[in-house]
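The values are calculated or read from the model by the stated rules, or taken from the named source; none is laboratory data. All values reported here derive from a predicted model rather than from experimental measurement. Ideal geometry is used to build each Cβ from the backbone, glycine not excepted, and the neighbour counts take in all protein chains shown.
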Amino acid sequence: MKPDNTKWKATALLFSGRRNPEWELTAAQQKKWMVLWQHASLSNKEVNTPSILGYTGCRLQYDEHSHWQLYNGCVSFYEKETVFSKKDEERQMELFLLNTAPEEVKEVLREMKVII
């Protein structure tokens, strides 16, 4: 898997009942993401998304059948029936992805104390 002409779509999972903010990653951001992913340590723990109001992680859609899910120090890559999970030390990948968001989305994330 490598950056290509596919439009990678990020989503901040913030709301229940209303549309979550989405944005596309640039080619440079895709490359940086892949470096972070490749250097992360494997984990036997899959992302556990809580059933709470407010922020419940983020998602990066790679193509129609595959995406990453990130929350609370864990990143899982789902491709059809397969799941690969890695550790997200100090939420490095999660914060990188959230900081690729447009400024108006980052303002909401700051208000919710998800990013500083």
Between a first residue in the stretch 38-50 that is within 10 Å of Val75 (Cα to Cα) and a second residue that is among the polar types (S, T, N, Q) and modelled with pLDDT under 95, which pairs have beta carbons less than 8 Å apart while being 6 or more apart in sequence or on different chains? Val47/Asn72; Asn48/Asn72
Which residue, of His67, His39, is in contact with a strand residue (DSSP E or B) (Cβ under 7 Å, 6 or more places away or on another chain), over 15 Å from Leu98 (Cα atoms) and modelled with pLDDT of 95 or more? His67
Give the residue that is surrounded by the fewest Cβ atoms within 10 Å (Cβ to Cβ), with candidates limited to residues of the stretch 45-74 that are over 14 Å from Leu25 (Cβ atoms) and among the charged types (D, E, K, R). Glu64
Take the residues in the stretch 42-64 that are in contact with a strand residue (DSSP E or B) (Cβ under 9 Å, 6 or more places away or on another chain) and of a type in the set (Val, Ile, Thr), then tell me which one is nearest to Lys106 (Cα to Cα). Thr56
Can you pull out every residue in the stretch 75-104 that is hydrophobic (A, V, I, L, M, F, W, C), farther than 15 Å from Trp8 by Cα and surrounded by fewer than 21 Cβ atoms within 10 Å (Cβ to Cβ)? Val83, Phe84, Leu95
